[in-house]
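Have a look at this one.
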Amino acid sequence: MSIQRWNTAKYIRGEGAQVLRVAVTHSLATTLMPPVLKSFRQRFPHVRIVVHSHRLSQIILRLQKVSVDIAIGSQVPKIPGSVRELMGNVRQVCVVPHHHRLASKEIIRTQDLADETILRITPDGPASWSEVFKNLEDMNVPFNDT
């Protein structure tokens, strides 16, 4: 998550503008945002919230242009004039065909991926989705990638 170095907290408390502009990735807009918005509205009913759902590259542009107050997404790079804050960690998901050797495992550990073909997510601007590959390499787990 990235927060502009504005007086966003002051605005939320009602001491300034009554609009909070949020940019969030598509997946988080549909999963994280509904319960967060419900809770936020209960606490700050006077604040109007405008949510922009975008690809990460568009969110970064909005941060750079200061057209949002808060941006929420994974892999948000450091942007001058903003502060990043870790909101939490999420589990990674492994998708395999139902007949695959890993399909019956409840938890798949890094070592279980040895010699598997791992698909890469296409980079979206300066964001890098290489954490999974870095973990595999750091643990000396051989893998194939496409």
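Return the residue satisfying two criteria in turn: it lies in segment 66-77 and is within 25 Å of Arg120 (Cβ to Cβ) and at pLDDT 90 or above, and of such residues it is least open to solvent (accessible area, probe 1.4 Å).
Ala71
Restricting to segment 62-107, what's the tally of residues that are touching a helix residue (DSSP H, G or I) at 6+ places or on another chain (Cβ under 8 Å), within 19 Å of Ser27 (Cα to Cα) and of a type in the set (Val, Ile, Thr)?
Qualifying residue count for the region: 4.
Residue-by-condition table, conditions (1) modelled with pLDDT of 90 or more; (2) not in a loop (DSSP other than H, G, I, E, B); (3) not aromatic (Phe, Trp, Tyr):
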position	(1), (2), (3)
Phe40	yes, yes, no
Arg62	yes, yes, yes
Ile79	no, no, yes
Leu86	no, no, yes
Asn89	no, no, yes
Arg101	yes, no, yes
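If the requirement is being of a type in the set (A, V, I, L, M), surrounded by 12 or more Cβ atoms within 10 Å (Cβ to Cβ) and either more than 15 Å from the chain's Cα centre (by Cα) or within 26 Å of Val141 (Cβ to Cβ) (or both), which of these qualifies: Leu20, Leu28, Leu63, Leu56?
Leu20
The values are calculated or read from the model by the stated rules, or taken from the named source; none is laboratory data. Owing to the predicted nature of the structure, the values given are computational and were not obtained by experimental measurement. As a convention, Cβ positions derive from the backbone with ideal geometry for all residues, glycine included, and neighbour counts pool all protein chains shown. The accessibility values were calculated without ligands, DNA or RNA, using every heavy atom of the protein model including side chains. Shrake-Rupley method; radii C 1.70, N 1.55, O 1.52, S 1.80 Å.
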